[in-house]
Every structure is written in structure tokens, then in C-alpha cells.
Amino acid sequence: MHPKNLSIKNFTYQLPEDKIAFHPLAERASSKLLVYKNGTITESVYRSLADFIPEDSLLIFNNTKVVEARLIFQKDSGGVIEIFCLEPHEQYPDITTAMMQPEKVLWKCLIGGASKWKHGQVLEKKINDLNLQCRFVEKRTDCFIVEISWNTNLSFAEVLHKAGAIPLPPYIKRKAETEDSERYQTVYAKFDGSVAAPTAGLHFTLAIFEELRKKNIQTDFVTLHVGAGTFKPVKAEVMEAHEMHAEFIEVTKETIKHLLDNLDKTIVTIGTTSLRTIESLYWLGVQSLESGVRSQDPIAIGLEVTQWEPYETDLKNVSADMALNSLLEWLEKNKADKLVTKTQIIIAPGYKPKIAKALITNFHQPHSTLLLLVAALIGDDWRRVYDFALQNDFRFLSYGDGSLLFF
């Protein structure tokens, strides 16, 4: 069955509020770890992760960095307006370029208290020597366009760091605290751009990386900047009516080569974002094979993954080896060191992974595309996994415990 015809009501479960983690544990590595392999479920903790990963495996992490995307302004009248910076305006080629802009940016935003903000009115906020101004530019169907300007030569990423707050998930109904600025960030976060953490990585510590290294387990990094759409529940009765959010990905030529060299090994993705990124590489490779594209700008020529493409393309029997080699050839022809594009891929039952062989991930919300992704990988056993976690006091969602799923 085509995933378009799936009914989301078949992918839900009862999640009591007392199972949701509203704060992180004192130690990252003390989070529980559920291991699912060959239909068997066992319980452990993250600090023992290396015991469950085969030697010579390759672990792929998402090194995006959460930005302080919430800006709070108080008007002279006392009214509060909150601006949630979602992603850059389409005039920028990618998030990294937009984040490095000095003096002024155009940004797609959500606005709390929008009715209090008149078109063209300038909001102002002063923090020490930083004078930040926001001007309402345009209202769109799903967001507002806001011009954000400031009086120093800081980059926009630095401005957010000074003036913004960490955007906790919507179900954590509390203000961001001091601990969140450190704990809602992976220890390997590098590139500014996400408005939500790649939460599977929150459990990792330098000590865990050292244990992996001792076992000759390799690691590498991709970048997918997580958008607010990751929390978007599926409200449509069937998946065809749900539009998957598109997100920027960046992958270096070296990482693609590393994947290519390890296709016969166990490639483990840390988080659904890493999985969606490396599976997208396969489909981008198929596209480059199919069209023989030459242009240097992948987005301009349509070298990006749309929602239903994996289920509707005519080229379904291309090997991962062929797809990744084709993508490398495309990069080399264009003298590019990395691929920067967007993916809208939805991984749902009916999808067969092309590159990944295991996933480390947290426990996800009912009625979510992330739950569909888990069901695509381990079939109906997702119910057994979630029942086990609920019955054995695992903590759920972003600050919760996690699972290692082999498929």
C-alpha cells in the first residue's frame, strides 16, 4: 500500500502525562536505552551503548546547533509579542549563509500576540550595547515575514545568542531555564540553524564517544537543520493530505565517501534527522543518475527530495553504491566540497531503508510522522517496543530515554 493511503489513527497510543520528561536527567548517559534486535527487546542505559553496537560499525550524527530562536518584545503599552524565528527567507541560499548575515536579515517567523503588532510598526529591544529592531513585513498563510536589524557587526547567530531564548518543545509548558541552554544541545553541536534539538544525540557524552572509539566503531556527521515542523501533528485522516515539512541538509563529499566505503557494515543513524538525511542522499543520487544534471545549485535544478518521491519514482532498483557514486560524480563535476539542499522525505510504512541498518531514537508523540518512521523500520513491533517502554517506566519525548532499533 502507498503511504499516502495510511490512516494516522492506526499509529497512536495512550501517552500519560507522567511518562513525559519535562526536564533532563542529571547525567546524559544515565538515560535508559531500549534495545530492539531480531524481535527481542532488552533494557540497558546509554553509557553501555558500545556493548550493543557491532565492531566496525559507522555511526552518523546530526551536528546541527539549536539557536535561541525565541525573541520576546514588550511594547510601551505593556503588551508582549513573541517572535519565533523559524527559518530564513528564500532570498538566502541556505541557513548557514543566513545565520552569518551582519546588520539585517529577513526571516520567516511565527508571532505570538500578532494582533497587537501593526503592519510596519517597529519593535525594539536593548541588551547592553545591542539595539535590536523588528519590522513586520508580510503575512503569509503559514508564517510572517519579519525584518530583523541590529546596530553592531555581529552575525545573526550571535545576535540570537545574546537576545533570544532556547525554543523548548511546545509540550514543555515552562520557560527555558539555565540548564536548557546546555542540555537542549548535543555535546557535538556545531552549525547554527535548528529550532529543535536532534534529541537522540542529547544522551551522548565524550565518555561514550571514547568507548565507541575503543571498539573501533567509526563516527561521522551530517547536518540537518531541524524545523518546527518536527512537532507538527498529523491532523489529516489519511497521509496524502499531510504536507511534510522541508528542511535544509548539508553533507560533505568526505562523508558521502565514508558512507560508500561502509555500505557492507552496520550504519547506525543517531536520530530520525540523521536517518532522513542519509536516506535522502540515496534519492538525490538516483535523481542525478536519472537526469544527468550539471548545474551547481541543486535547489535551482530540483535536486531535492520531495515528500512522495521514494514511492513514485520509476528508478526503484538502483543500488546504494550506484546512487552515492553518482552523487559524488555530480559534486566533483561542479567542483563542490559539500551538498547543500532540502529534503521533504517522509519515511512511513512501505519504505525500505537503502543505507541505514539501525536507528537510535527517543520515544515519539502519538499521531506523529516520527512514529510512522519507526513503524516503517520495525513494522508492527513498534507497538511492542512502546508498550515495553510504557510498562517499564521509560521517559518519553525530547528529554526522555531512547531506543536502539536494528532493522
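The values are calculated or read from the model by the stated rules, or taken from the named source; none is laboratory data. Every value quoted in this text rests on a predicted model; they were computed, and no experiment measured them. Counting neighbours? That spans all protein chains shown, and the Cβs are built from the backbone with ideal geometry, glycine included. Just so you know, the surface numbers come from the protein's heavy atoms only, side chains and all, with ligands and any DNA or RNA stripped out. Shrake-Rupley method; radii C 1.70, N 1.55, O 1.52, S 1.80 Å.
Tabulated results
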{"quantity": "P(r) histogram, all alpha-carbon pairs of the range 1-113 included - 5 Å bins from 0, percent", "calculated": "2, 7, 9, 10, 11, 13, 16, 15, 10, 5, 2, 1, 0"}
{"quantity": "Degrees separating the helix 369-378 axis from the principal Cα axis of the chain, which is the longest one", "calculated": "10 degrees"}
{"quantity": "Total charge dipole magnitude, the chain, about the Cα centre, Cβ charges on Lys, Arg, Asp, Glu only, Debye to nearest 20", "calculated": "640 debye"}
{"quantity": "Inter-probe distance in nm under a simple model that places probes 7 Å from Cα toward Cβ, at residue 152 and residue 380", "calculated": "5.9 nm"}
{"quantity": "Within the chain, percent of DSSP bridges classed antiparallel, to nearest 5", "calculated": "70 percent"}
{"quantity": "Helix 272-291 axis, angle to the chain major axis (alpha carbon atoms, nearest 10°)", "calculated": "80 degrees"}
{"quantity": "14 Å tail of the calculated P(r), the range 64-151, as % of Cα pairs", "calculated": "64 percent"}
{"quantity": "Residue 176-residue 213 FRET efficiency (beta carbon distance; Förster radius 35 Å; 0.05 resolution)", "calculated": "0.60"}
{"quantity": "The chain, accessible surface, carbon-and-sulfur percent (1.4 angstrom probe)", "calculated": "48 percent"}
{"quantity": "Flagged links, alpha-carbon separation over 19 Å, of 265/352; 126/162; 139/173; 108/175", "calculated": "139/173; 108/175"}
{"quantity": "Debye, to nearest 20: dipole size of the range 322-369, +1 on Lys, Arg Cβ, -1 on Asp, Glu Cβ", "calculated": "60 debye"}
{"quantity": "Option label - Cα extents along the principal axes in Å computed here, alternatives [x] 102, 45, 41; [y] 62, 53, 46; [z] 71, 60, 34", "calculated": "[y]"}
{"quantity": "Separation of the residue 187 and residue 40 label points, Cα + 7 Å toward Cβ, nm", "calculated": "2.9 nm"}
{"quantity": "Nearest 10 degrees, 0 to 90: helix 320-333 Cα axis against the chain principal axis", "calculated": "40 degrees"}
{"quantity": "Segments 233-242, 313-322 sorted - mean Cβ within 10 Å per residue, highest first", "calculated": "233-242, 313-322"}
{"quantity": "Protection proxy ranking, peptides 247-255, 136-144, 385-393, average beta carbon neighbours within 10 Å, highest first", "calculated": "247-255, 385-393, 136-144"}
{"quantity": "Probe 1.4 Å, accessible area per residue of the chain, Å²", "calculated": "43 Å²"}
{"quantity": "Percent of Cα pairs exceeding the 11 Å cut-off, where the set is the range 363-407", "calculated": "67 percent"}
{"quantity": "Most to least packed among 155-163, 190-198 [average Cβ atoms within 10 Å]", "calculated": "190-198, 155-163"}
{"quantity": "Charged-residue dipole, Cβ positions (Lys, Arg, Asp, Glu), the range 291-407 about Cα centre, Debye nearest 20", "calculated": "120 debye"}
{"quantity": "Computed lengthening from residue 97 to residue 352, 0.36 nm per intervening residue step minus Cα-Cα distance", "calculated": "88.4 nm"}
{"quantity": "Calculated FRET value between residue 27 and residue 243, using beta carbons and R₀ = 30 Å, to 0.05", "calculated": "0.15"}
{"quantity": "Label-to-label distance, nm, for residues given as residue 407 and residue 130 (7 Å Cα→Cβ offset)", "calculated": "4.0 nm"}
{"quantity": "The range 363-377 residues near the modelled residue 5 label - backbone nitrogen below 13 Å, point 7 Å along Cα→Cβ", "calculated": "none"}
{"quantity": "Helix-only [θ]222 nm of the chain, DSSP H runs n ≥ 4, -39500 (n - 2.57) each, per residue, nearest 500", "calculated": "-7000 deg cm²/dmol"}
